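The values are calculated or read from the model by the stated rules, or taken from the named source; none is laboratory data. Everything quoted here is computed from the prediction, not taken from an experiment. Virtual Cβ from ideal backbone geometry, glycine too; neighbours counted across all protein chains shown.
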Amino acid sequence: MKTSIIGNVGILDLRNSTEKSIQQIKSIGNVGIAIVSTSTLPLLHQLPLGNLGMVIEIKEGYQLYTETLEINQAFLETLDPSLRALTADEVVIAYDVEAELLKEKIEDIEYYGDVSVPHHLYGAVQSVMTSGGGKMKTYDQDAEKPINKKGVFKLTPSFLESLKKPTTLYVKGILQVDERVTEDQLVHVKELQVKGVIELREHMVAHLSPLISQSSSAQMTVIPDDYTVIDRALRMKEKQLQSWKQKKLYTEHPLYMNALKRDTIERSIRNIHSSSFIVTSSESEDLLYEIVDTLDTEILAIDEPYLVVEKNELWDEKAFLNLQEAVVVIVVNGGELTFAENVTADMIRERIDTIYHFGTLIAPKEIQLTIKQKLEINEGKLQSEKEEGTGNVGVLKL
């Protein structure tokens with residue numbers, strides 16, 4: 001049975017795949033680049049993919065580079081035999097490279113990402129590299145060598161001040177722009193190439209946008225200047241809000257505000273921008289609808305006891321017997337609640353009041369109808385068996 005579910009994939013490497021290695025794949029999300037050999041190309045058509053950006057058939061004897069390839073004099077001197085390669089990421093040619101050694105040691109590089117090359121080596125590099133869709137850009141001695149960052153990278157004033165010359169930054173992942181960065185400090189950035197997400201304050205958009213390369217594939221998350229960012233799930237208490245006066249909150253995480261009195265919320269919070277959900281009391285429900293500023297926010301008015309499933313939990317007969325009264329269940333995005341085989345429909349009717357479902361529920365088919373009757377919000381998945389899931393993947397070899 002096919003059970004593996006995989007999120008979006010940047011590079012899908014099928015060079016050495018077989019019928020057996022792909023047989024457990026139930027689905028793969030969108031794929032940026034699929035790399036195949038002549039023999040594995042037919043396997044690509046057997047995979048249940050989302051959108052596919054590009055298919056590259058790698059030539060026999062070519063090495064594959066899916067990370068940034070930096071070519072300097074020392075690297076060239078170690079090559080034996082000469083290099084034949086395909087690059088799906090950036091290529092950086094160092095300023096110290098000698099043109100003759102480059103021609104001797106590089107037979108061919110087929111590039112699909114951008115190439116940064118010293119101005120004086122442009123002709124030599126062109127003679128040994130073939131564009132598959134990437135762009136070649138020159139830099140001179142007055143500019144710093146491009147800097148590569150991956151994962152979560154925060155662009156801070158101290159980092160910018162450490163740059164001696166205008167520098168190109170390559171970021172794969174999340175670029176967070178420190179709100180203290182000034183327009184004057186951005187003169188140290190020659191160009192920004194981002195694959196992923198850029199998080200920045202509203203006042204920075206006009207200053208940063210001209211620096212972003214046209215070849216960037218970045219989603220921009222703009223945080224209003226006067227909002228306080230809440231970067232985790234937060235259970236709010238009366239004492240926490242004593243010093244707050246008409247604060248504006250920005251978050252992508254759940255807020256649990258049911259312990260707050262209505263007048264505390266009214267005095268302390270002016271606006272909430274949330275892409276998640278907010279738990280409040282029925283007394284304050286109408287007030288929350290007034291202060292949230294996006295229609296994506298779910299307001300959960302809960303006065304009864306509730307349980308939050310944030311990770312993976314298994315509920316069996318014993319767990320239900322331990323519940324003293326019917327409870328409200330919240331399964332958050334990323335949470336997974338499994339009902340064991342010995343859980344009956346009567347247990348669910350008697351011990352679960354309501355389910356707010358944003359994650360994954362796994363239950364025997366015999367009780368799924370009863371579970372559906374308890375769903376107040378159903379934005380997650382309900383399935384009868386656990387599927388081997390993987391989130392978004394940069395490079396996937398099958």
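When the residues of the range 173-190 are filtered to those that are closer than 30 Å to residue 9 by Cα and free of Cβ contacts under 8 Å to residues at least 40 places away in the same chain, which remaining residue is farthest from the chain's Cα centre (by Cα)?
If we take residues in the range 173-190 being closer than 30 Å to residue 9 by Cα and free of Cβ contacts under 8 Å to residues at least 40 places away in the same chain, then 189 is farthest from the chain's Cα centre (by Cα).
Go through (1) surrounded by 14 or more Cβ atoms within 10 Å (Cβ to Cβ); (2) of a type in the set (S, T, N, Q); (3) within 30 Å of residue 40 (Cβ to Cβ) for residue 116 and report which single condition fails.
(3)
I'm trying to understand the selection: among the residues of the range 139-180, which are among the aliphatic types (A, V, I, L, M) and in contact with a Phe, Trp or Tyr (Cβ under 9 Å, 6 or more places away or on another chain)? Give the steps one after another, and end with the answer.
The first filter runs over the range 139-180 and keeps only residues among the aliphatic types (A, V, I, L, M), leaving 143, 147, 152, 155, 160, 163, 169, 171, 174-175, 177.
Listed by number, the residues that qualify are 147, 169, 171, 174, 175.
Identify all residues within the range 242-253 that are more than 27 Å from the chain's Cα centre (by Cα) and either in a strand (DSSP E or B) or of a type in the set (Phe, Trp, Tyr) (or both); write none if there are none.
Within the range 242-253, 244, 247 meet the criteria.
Could you please find all residues in the range 273-329 being among the charged types (D, E, K, R), outside any strand (DSSP E or B), over 16 Å from residue 343 (Cα atoms) and out of contact with any Lys or Arg (no Cβ under 6 Å at 6 or more places or on another chain)?
285, 286, 290, 293, 296, 303, 304, 310, 311, 325
Under 8 Å between Cβ atoms, at least 6 apart or on separate chains: pull out the pairs that start in the range 145-160 with a residue that is free of Cβ contacts under 8 Å to residues at least 40 places away in the same chain and end on any residue that is surrounded by 15 or more Cβ atoms within 10 Å (Cβ to Cβ) and in a helix (DSSP H, G or I).
Listed by first residue and then by second, the contacts come to 157/185; 160/185; 160/186; 160/188.
Does residue 256 count as within 26 Å of residue 324 (Cβ to Cβ), surrounded by 17 or more Cβ atoms within 10 Å (Cβ to Cβ) and under 27 Å from the mean Cα position of the chain (by Cα)? Talk me through it step by step, then tell me what you get.
On the way: within 26 Å of residue 324 (Cβ to Cβ): yes; surrounded by 17 or more Cβ atoms within 10 Å (Cβ to Cβ): yes; under 27 Å from the mean Cα position of the chain (by Cα): yes.
Against the criterion (within 26 Å of residue 324 (Cβ to Cβ), surrounded by 17 or more Cβ atoms within 10 Å (Cβ to Cβ) and under 27 Å from the mean Cα position of the chain (by Cα)), residue 256 qualifies.
Name the one entry in 155, 192 that is surrounded by 19 or more Cβ atoms within 10 Å (Cβ to Cβ), in contact with a helix residue (DSSP H, G or I) (Cβ under 6 Å, 6 or more places away or on another chain) and not polar (S, T, N, Q).
192
It is to be established whether one or more residues within the range 225-246 are under 29 Å from residue 199 (Cα atoms), aromatic (Phe, Trp, Tyr) and surrounded by 13 or more Cβ atoms within 10 Å (Cβ to Cβ).
yes
Of (1) surrounded by fewer than 19 Cβ atoms within 10 Å (Cβ to Cβ); (2) under 27 Å from residue 34 (Cβ atoms); (3) touching a Phe, Trp or Tyr at 6+ places or on another chain (Cβ under 7 Å), residue 128 satisfies all except one. Which?
Just one mismatch for residue 128, condition (3).
If you check 170, 122, which single one turns out to be on the phi < 0 side of the Ramachandran plot and more than 28 Å from the chain's Cα centre (by Cα)? Spell out the reasoning first.
Values: 170 fails: more than 28 Å from the chain's Cα centre (by Cα).
Answer to the check: 122.
Within the range 192-211, can one find any residue that is of a type in the set (Lys, Arg), in contact with a Lys or Arg (Cβ under 7 Å, 6 or more places away or on another chain) and at pLDDT below 90?
Within the range 192-211, one or more residues are of a type in the set (Lys, Arg), in contact with a Lys or Arg (Cβ under 7 Å, 6 or more places away or on another chain) and at pLDDT below 90.
Condition (residue is exposed (fewer than 14 other Cβ atoms within 10 Å of the Cβ), closer than 21 Å to residue 353 by Cα and either more than 28 Å from the chain's Cα centre (by Cα) or not basic (Lys, Arg) (or both)) applied to the range 260-281: is it met by at least one residue?
Taking every residue of the range 260-281 in turn, none turns out to be exposed (fewer than 14 other Cβ atoms within 10 Å of the Cβ), closer than 21 Å to residue 353 by Cα and either more than 28 Å from the chain's Cα centre (by Cα) or not basic (Lys, Arg) (or both).
Please enumerate the residues belonging to the range 325-347 that are under 35 Å from the mean Cα position of the chain (by Cα) and farther than 14 Å from residue 376 by Cα.
Matches in the range 325-347: 333, 334, 335, 336, 337, 338, 339, 340, 341.
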